[in-house]
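Trainee: Got a structure for you, written out below as structure tokens; questions coming shortly.
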Amino acid sequence: MSEAAAPAAVWNTVDEAGIKLLRIPTPFQVGRVNCYLLEDEPLTLIDAGPNSGKALDELEHQLEALGRRIEDIEQVVITHQHIDHLGLVDIVAKRSGAEVAAIDILAPYVANFGDDAERDDDEAGELMRRHGISQDVVAALRQVSGSFRAWGSKATVTKPLRDGETLTLRDRDLEVQLRPGHSPSDTLFWDAERKILIAADHLIAHISSNPLLSRPLDGSERRQALVEYIESLQKTRLLPAEVVLSGHGEPITGHADLIEKRFAMHQRRAEKLYGLIAEEPRTGHGLAQALWGDIAVTQAFLTLSEVIGHVDLLVNSGHVRETETDDGVVHFEATTNAAAEDLGDLMPGGNPVPRKG
Ligand SMILES: [Zn+2]
């Protein structure tokens, strides 16, 4: 989908709400990250960008264009745990003395950012091996993930937020909504009065947020990231939002339609994977290769996340099961002879929207 510019009227609504967009460069494929300055009391910055000199320069210049300096920031809010959003939080907080607000479960993760890296990489490596990715690729990815980590940073959350609580500023109330999926700590900020939802990477107009396999913040079993994500989207779909502000790209109007499109896409992708599994039992990586052909080393984990997320839907609905070979590699196999188009609705909890065509 191309990135169509939002109409001027949408930007007017955002502007009238005292929300200014700062587009901060990242070294990642996703491009710039959207940070938002809430001209309110306290003066609040939502996300800060990755930890790089270039990002910091741009943050300073874009604030300057609004007549502000980093030192003026009184509160920084973190939307989720990804480094393109939180890398500069510590520098901004130290220079300004700002409070740092984030969902409570994220506080220990950012306080110890990087300390668990070794363990994270071990677990990701084990997961990739179990799903058929070779040892060479696992080792190469480990180097990539090590070099990415420098764009993150530790930070101290001084104002932990609870799911459902209200973050009150002089001119607005923001309801804090934990909506995991894209990452375990995705947090939305809902201005019910203005019907504006600050959603970060939970919903992006031009790309479907890839729910990454990741270690749960509480150290429990692997989460079903896509299942969790779809459940979160089902809640967001019901909000009467007029504008959704994303972590990348343009503001979204008509978010309910966009979410329906995402559900239809996930359904189709799961059906396609089922078709491949019904042909012959395959590993997660084998499925990724069957879908996308040769996969670049750097994409191996992303594509595996995408596949496993959808296979979870098939396993939960009883159409597919896991078998493990002696070498500990998981294969997925079909449990019935059903045709892919006869699987029925695979969205967890049922998709409230009837399927079209
Ligand atoms: Zn992001």
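Residue-by-condition table, conditions (1) crowded, with 16+ Cβ neighbours inside 10 Å; (2) in contact with a helix residue (DSSP H, G or I) (Cβ under 8 Å, 6 or more places away or on another chain); (3) under 22 Å from Asp186 (Cβ atoms):
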{"site": "Glu228", "(1), (2), (3)": "yes, no, yes"}
{"site": "Lys235", "(1), (2), (3)": "no, no, yes"}
{"site": "Leu258", "(1), (2), (3)": "yes, no, yes"}
{"site": "Lys272", "(1), (2), (3)": "no, yes, no"}
{"site": "Glu280", "(1), (2), (3)": "no, no, no"}
{"site": "Thr283", "(1), (2), (3)": "yes, no, no"}
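Trainee: A further question on this structure: Can you tell me how many residues within the range 126-139 are assigned to a helix (DSSP H, G or I) and open to solvent by 40 Å² or more (accessible area, probe 1.4 Å)?
Mentor: Final tally of qualifying residues: 6.
Trainee: Further question: Is it true that Glu58 is of a type in the set (Asp, Glu) and open to solvent by 70 Å² or more (accessible area, probe 1.4 Å)?
Mentor: So Glu58 does not fit the description; no.
Trainee: Here's a follow-up. Taking the range 26-54 on its own, how many of its residues are modelled with pLDDT of 95 or more and farther than 21 Å from Ala199 by Cβ?
Mentor: Here the count works out to 7.
Trainee: Another question about this same structure. If we only count helices (runs of 4 or more DSSP H) wholly inside the range 19-119, which ones have 3 or more residues that are within 16 Å of the ligand (Cβ to nearest atom), closer than 19 Å to His182 by Cβ and in contact (Cβ under 8 Å) with a residue 60 or more places away in the chain?
Mentor: Details: elements: 53-65, 83-86, 89-96, 107-111.
Those helices (runs of 4 or more DSSP H) span 83-86.
Trainee: Okay, next question. Please indicate, with yes or no, whether at least one residue in the range 294-307 is of a type in the set (Asp, Glu), surrounded by 21 or more Cβ atoms within 10 Å (Cβ to Cβ) and closer than 25 Å to Thr187 by Cβ.
Mentor: There is at least one residue in the range 294-307 that is of a type in the set (Asp, Glu), surrounded by 21 or more Cβ atoms within 10 Å (Cβ to Cβ) and closer than 25 Å to Thr187 by Cβ.
Trainee: Looking at the structure I just gave you, is Glu71 at pLDDT below 95 and among the acidic types (Asp, Glu)?
Mentor: Here the answer is no, as Glu71 does not meet what is asked.
Trainee: Can you report the number of residues in the range 237-249 which are touching a His at 6+ places or on another chain (Cβ under 9 Å) and open to solvent by less than 40 Å² (accessible area, probe 1.4 Å)?
Mentor: 8
Trainee: Another question, if that's okay. Got a sec? Which of Gly181, Gly164, Gly125 is small (Gly, Ala, Ser) and touching a Pro at 6+ places or on another chain (Cβ under 6 Å)?
Mentor: Gly181
Trainee: Let me ask another. Across the range 22-42, which residue is nearest to the chain's Cα centre (by Cα) among those that are among the hydrophobic types (A, V, I, L, M, F, W, C) and surrounded by 17 or more Cβ atoms within 10 Å (Cβ to Cβ)? Spell out the reasoning first.
Mentor: Residues of the range 22-42 among the hydrophobic types (A, V, I, L, M, F, W, C): 22, 24, 28, 30, 33, 35, 37-38.
Still in the list and also surrounded by 17 or more Cβ atoms within 10 Å (Cβ to Cβ): 22, 24, 33, 35, 37-38.
Values: Leu22: 19, Ile24: 17, Val33: 12, Cys35: 15, Leu37: 21, Leu38: 22 Å.
Selected residue: Val33.
Trainee: Could you check Thr283 against (1) in contact with a Leu (Cβ under 8 Å, 6 or more places away or on another chain); (2) in contact (Cβ under 8 Å) with a residue 60 or more places away in the chain; (3) over 30 Å from Gly49 (Cβ atoms); (4) polar (S, T, N, Q) and say which number it fails?
Mentor: (1)
Trainee: Does Asp163 qualify as being open to solvent by less than 70 Å² (accessible area, probe 1.4 Å) and part of a loop (DSSP other than H, G, I, E, B)?
Mentor: Numbers: open to solvent by less than 70 Å² (accessible area, probe 1.4 Å): no; part of a loop (DSSP other than H, G, I, E, B): yes.
No; evaluated as a whole, the condition is false for this residue.
The values are calculated or read from the model by the stated rules, or taken from the named source; none is laboratory data. Only a predicted model underlies this, so the values are computations on that prediction, with no experimental measurement involved. Cβ: placed from backbone, ideal geometry, glycine included. Neighbour counts: every protein chain shown. Calculation scope for accessible area: heavy atoms of the full protein, side chains included, ligands and nucleic acids excluded. Shrake-Rupley method; radii C 1.70, N 1.55, O 1.52, S 1.80 Å.
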